[in-house]
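Novice: Here's a structure for you.
A short reminder: the numbers here are calculations on the coordinates, not readings from a lab. Since the structure is predicted, the reported quantities are computational estimates derived from the model, not experimental observations. Note that we place each Cβ from the backbone using ideal geometry, even for glycine, and neighbour counts take in every protein chain shown.
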Amino acid sequence: MKMIRITSVVLIIAMLLTACATTPAGTEQPAAEKPEESKTLEPLKIGLIVPLTGANAMEGDNNQKGAMLAVKQINEAGGVAGRKLELVIEDDANDVTSAVNAAQVLLDKHQVDIIVGPWGSSPALAVMPLMAEYETPMVVGSPTNAKITDENNGWVFRTCSNEVINSEFAAARLVTELGFKTVGFMANNTDHGRGVVEMWAPAIEAAGGKVLPAEYHDASTTVNFTASLSKLRAAGADSIVMTPSLSNAVLILKQAKELNWSPKFFITTGVNENSLNKVAESPEIFEGLYALGYTVLMGLQDPEYKDAVQKFVDDIYNEYGLKAESNHGSSYDAIYTVAEALRLADGSTDGNDLREALFKVNFKGLRGVTQFDEKGQNQGLKKYMCYFKDGKEYICDFDLPQ
Amino acid sequence: MTLFISLVFGGIIWGSAYALVALGVTIVYGMMRVINFSHGDFFMLTAYFMWTFVTLLGMNFFLGAVLALAAALLFGALVERFLIRSLVDAPIINSALLTMGISAVMQNAVILLWDPQQKNIATPFNPNSYQWGPIAITQNQMFILITTAAAIIGFNLILKRTRLGKAIRATFQDRDVAALNGINTKWIYSLTFNLGISMACIGGILLGPTFTVYPTMGAAATLKSMGIVVMGGLGNFTGAIIGGLLLGIVESLAIGYISSGFSNAICFAAVILVLSIKPYGILGEKRL
């Protein structure tokens with residue numbers, strides 16, 4: 001009997017612990033202060049869906065922090081059109097089912113006026129039909145699968161780039177300028193990874209490159225990439241285009257070195273030295289890596305964006321004691337986009353008004369000019385081809401690698 | 001042929017680590033009749049302890065490894081004393097459910113105590129590999145192979161050549177008779193459980209620094225371990241080792257010659273194939 005009692009107590013404690021550990025979901029953040037002066041106007045409720053657990057937890061946590069900072073700054077400046085912003089955060093672990101559940105909780109329980117996120121392409125695609133059903137706009141700042149805006153859902157707005165725009169910008173340059181001749185893909189087995197291969201492979205072939213069959217991986221369970229690397233080497237690859245999470249990208253780079261193989265590597269997602277240094281044992285691991293870069297950090301090297309980006313970098317450091325990363329910036333810009341739409345909608349929180357206002361948004365943020373086309377795709381994003389040397393990221397256009 | 005040799009060799013390295021972790025599952029089941037679904041979470045917890053000692057506190061890699069192993073085994077002893085021991089003679093489904101619960105608690109506790117972000121442990125080994133024809137091996141991979149072999153041989157010696165091993169075997173053949181002969185059976189239960197999870201903990205020390213450390217890394221290890229022990233024959237030690245190596249090689253060849261996207265499906269198809277020919281596993285026997 002005594003043992004049964006002890007076991008019961010431990011299990012109850014265990015259940016409580018489990019419950020405590022999932023507090024990020026549904027937590028209303030301190031940044032979402034209640035309006036003091038505007039007693040008549042309710043705050044604009046923004047639901048944020050990010051991965052706070054799983055393989056992309058680091059990216060999601062940065063996304064969350066960027067959004068919280070933007071909300072805090074906007075509220076401290078008095079809000080927009082008499083309203084403050086309130087952030088309600090849900091974790092989707094970058095998983096489709098969890099993302100739909102998160103969106104449902106935000107729409108039904110919290111009755112948010114607009115959603116920012118999800119972070120990943122597959123979760124975003126899964127949540128989109130709900131947004132049309134609830135007639136609530138969704139602003140995504142990270143997922144790049146072309147289908148998200150090509151489906152013309154009418155309620156989805158993407159502040160970041162997509163794989164059509166990215167491949168048009170960079171695929172041919174990989175072949176003609178950087179010497180990617182026989183290219184292997186190492187991609188996530190997700191809508192994002194498959195979307196990259198679908199768009200980039202034909203663009204590389206059109207530029208004269210040869211593309212090998214893609215290697216797909218489950219981002220959350222795969223950590224050993226040596227067999228895929230051996231296969232690509234045997235097939236004659238001289239270069240690899242990667243799409244995975246940062247930690248998996250670092251493992252791929254590390255395991256290629258362990259195989260004594262040094263192909264050229266390119267990663268299609270915007271990375272920077274701060275995030276890579278966090279997950280890599282040493283900068284040598286990502287020496288020579290090419291990457292697509294955005295103004296969020298690379299703007300520090302661009303005279304046009306230098307001052308705005310420096311202020312953002314300082315703000316992130318002052319708020320969290322962290323070095324700014326791309327994912328801080330993507331959600332930060334998405335929240336400012338929402339605030340701009342609220343201003344254009346004269347403070348209306350009605351879904352239709354916010355949607356109409358989003359189509360009219362035209363402002364210069366951290367990632368270039370935000371201006372949506374008829375499908376909700378931002379066409380003003382600024383991009384750079386970047387490379388890493390001695391642990392630091394450079395823009396090829398300004399300082400070509402030797 | 002070069003690709004084939006390289007893939008088989010890679011499969012043996014990772015298969016040996018799979019075998020080590022799976023051996024722990026089979027020890028606990030074979031001796032105690034407890035199916036431990038939290039086995040992989042001890043693998044994960046040890047890697048977190050190691051990250052704390054080596055990366056966070058800056059300790060020597062090997063000292064950090066020993067301390068991480070000790071801390072994880074201490075936790076394992078508490079789990080056995082207060083949770084697992086109460087399952088002696090209980091139906092297997094009870095142990096399966098309890099250990100699933102322990103697994104969920106451990107994963108969430110790690111998120112609570114550390115954070116969900118992936119972590120990296122630097123090793124003192126030279127990252128460049130030694131190359132012999134198609135075979136490339138790093139110092140870290142040599143460390144994995146040697147430690148795995150030593151752990152498996154060491155366990156077999158303890159079980160078959162020592163008085164302690166005899167006491168363990170006697171306890172699980174007939175607990176009452178063993179107790180009448182002066183064997184402290186409660187202590188033997190605790191020791192056996194810890195011997196089992198120590199295999200997972202050593203796996204955490206070897207693979208945590210090789211890959212990355214994150215809260216759900218144990219779930220994949222548990223799933224593969226279960227496949228391996230069933231394929232090798234539940235409770236059969238040699239079967240777990242053969243199963244681990246076989247799964248490692250099948251996985252590597254599947255990625256190399258078919259597709260990385262289907263590697264998990266092919267691995268578990270191999271398990272199904274083995275079970276359809278040998279329903280009790282490669283070396284398993286029908287229990288009466």
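Novice: Based on the Cβ-Cβ distance of B:S276 and B:F4, what FRET efficiency does E = 1/(1 + (r/R0)^6) give at R0 = 35 Å, to the nearest 0.05? Spell out each step's value before the answer.
Specialist: Details: r = 26 Å, r/R0 = 0.75.
After rounding to 0.05, the efficiency reads 0.85.
Novice: Could you work out, residue by residue across A:219-225, how many beta carbons of other chains sit within 10 Å of that residue's beta carbon, and then give the average as an integer? If you can, show how the numbers build up before the last one.
Specialist: Working: counts 0, 5, 9, 6, 9, 12, 3.
Mean number of neighbouring Cβ atoms from other chains: 6.
Novice: A follow-up question, please. So, R0 is 60 Å and r is the distance between the beta-carbons of A:F169 and B:I153; what FRET efficiency does that work out to, to 0.05?
Specialist: 0.60
Novice: Once you place label points 7 Å from the Cα toward the Cβ at A:E304 and A:D218, how far apart are they in nm?
Specialist: Inter-label distance under the simple model: 4.4 nm.
Novice: Further, regarding this structure: Given a Förster distance of 41 angstrom, what is the FRET efficiency for A:A77 paired with B:M100, based on the Cβ-Cβ distance and rounded to 0.05? Provide the component values of the computation, followed by the final result.
Specialist: On the way: r = 49 Å, r/R0 = 1.20.
Step by step, r from the Cβ atoms, then E = 0.25.
Novice: Could you work out the mean count of beta carbons from other protein chains within 10 Å of each residue's beta carbon in B:117-127?
Specialist: 5
Novice: With charges only on Cβ, +1 for K and R and -1 for D and E, what is the dipole size of the stretch A:309-384 about its Cα centre, in debye, rounded to 20?
Specialist: Values: 10 positive and 12 negative charges, 76 e Å.
With Lys and Arg at +1 and Asp and Glu at -1, about 360 debye.
Novice: Here's another thing I want to ask about it. Calculate one ³J(HN,Hα) per residue across the stretch B:140-147 by plugging θ = phi - 60° into the Karplus curve 6.51 cos²θ - 1.76 cosθ + 1.60, and present them in order as whole Hz with x for glycine and proline.
Specialist: Karplus values, whole Hz, x for Gly and Pro: 5, 5, 5, 4, 5, 4, 5, 5.
Novice: Straight distance only, please: which lysines reach the Cα of B:K186 with their own Cα at less than 17 Å, same-chain residues fewer than 8 apart left out?
Specialist: A:K2, B:K166
Novice: Could you size up the charge dipole of the protein assembly as shown around its Cα centre, putting +1 on the beta carbon of Lys and Arg and -1 on that of Asp and Glu, and report it in debye to the nearest 20?
Specialist: Rounded to the nearest 20 debye, it is 3260 debye.
Novice: Aspartates and glutamates near A:K210 by alpha-carbon distance under 14 Å, same-chain residues fewer than 8 away left out - which ones?
Specialist: Partners found: A:D238.
Novice: In the stretch B:18-175, if the dipole is taken from +1 on Lys/Arg beta carbons and -1 on Asp/Glu beta carbons about the Cα centre, which of B:V54, B:S129, B:V21 is farthest to the positive end?
Specialist: B:V21
Novice: Which of rounded, prolate, oblate describes the stretch A:156-196, given a ≥ b ≥ c as roots of the alpha-carbon gyration tensor eigenvalues and a/c under 1.5 marking rounded, otherwise prolate only if a/b is larger than b/c?
Specialist: Here the stretch A:156-196 falls in the oblate category.
Novice: Also: Would you pull out the residues with amide H under 5 Å of A:Y216's amide H, same chain only if 5 or more places away, H placed 1.01 Å from N?
Specialist: Result for A:Y216 returns A:A187, B:S260, B:G261.
Novice: Determine which lysines satisfy two conditions relative to A:K109: a Cα distance under 25 Å, and not lying fewer than 8 residues away in the same chain.
Specialist: Leaving aside lysines fewer than 8 places away in the same chain, those within reach of A:K109 are A:K34, A:K39, A:K45, A:K65, A:K72, A:K84.
Novice: Of A:K257/A:K364; A:K147/A:K181; A:K147/A:K389, which pairs sit farther than 30 Å apart, going by alpha carbon to alpha carbon?
Specialist: Check vs 30 Å cut-off fails for A:K257/A:K364; A:K147/A:K389.
Novice: Let me know the charge dipole size of chain B about its Cα centre in debye, to the nearest 20, where only the beta-carbon of Lys, Arg (+1) and Asp, Glu (-1) is charged. Present the calculation step by step, with values, prior to reporting the outcome.
Specialist: On the way: 15 positive and 8 negative charges, 137 e Å.
Value, rounded to 20: 660 debye.
Novice: If you don't mind, there's one more thing I want to ask. State, to one decimal in nm, how far the label point of A:E135 lies from the label point of A:E284, with both points 7 Å from Cα in the Cβ direction.
Specialist: The answer from the label model is 6.2 nm.
Novice: Distance from a point 7 Å along Cα→Cβ of A:F359 to each backbone N in the stretch A:98-123: keep the residues under 16 Å and list them by number.
Specialist: Within reach of a label on A:F359: no residues.
Novice: Given labels modelled 7 Å from the Cα in the Cβ direction, how far is it in nm from B:L57 to A:K392?
Specialist: Going from the B:L57 label point to the A:K392 one covers 3.6 nm.
Novice: What are the GluC sites (Glu not before Pro) within the stretch A:319-402 that DSSP puts in a loop, where the Cβ has at most 11 other Cβ atoms within 10 Å?
Specialist: A:E374
Novice: Could you tell me how far the Cα centroid of the stretch B:86-106 sits from the Cα centroid of the stretch A:275-324, in Å?
Specialist: That distance is 47 Å.
Novice: Another question, if that's okay. How long is the gain from B:D89 to B:L113 if the chain were fully straight, where each residue apart is worth 0.36 nm and the alpha carbon distance is subtracted?
Specialist: Gain on extension, B:D89 to B:L113, equals 5.2 nm.
Novice: Okay, moving on. Along the charge dipole of the protein assembly as shown, Cβ charges K/R +1 and D/E -1, which of A:V250, B:C201, A:T53 sits furthest on the positive end?
Specialist: Comparing the listed Cα positions along the dipole, B:C201 ranks first.
Novice: Among A:Y294, B:L45, B:L164, whose Cα projects farthest towards the positive end of the dipole of the protein assembly as shown, with charges put on the beta-carbon of Lys, Arg (+1) and Asp, Glu (-1)?
Specialist: Final value for the positive-end residue is B:L164.
Novice: Go ahead and estimate [θ] at 222 nm for the protein assembly as shown from helices alone: -39,500 (n - 2.57) per DSSP H run with n ≥ 4, summed, over the residue count, rounded to 500.
Specialist: -18000 deg cm²/dmol
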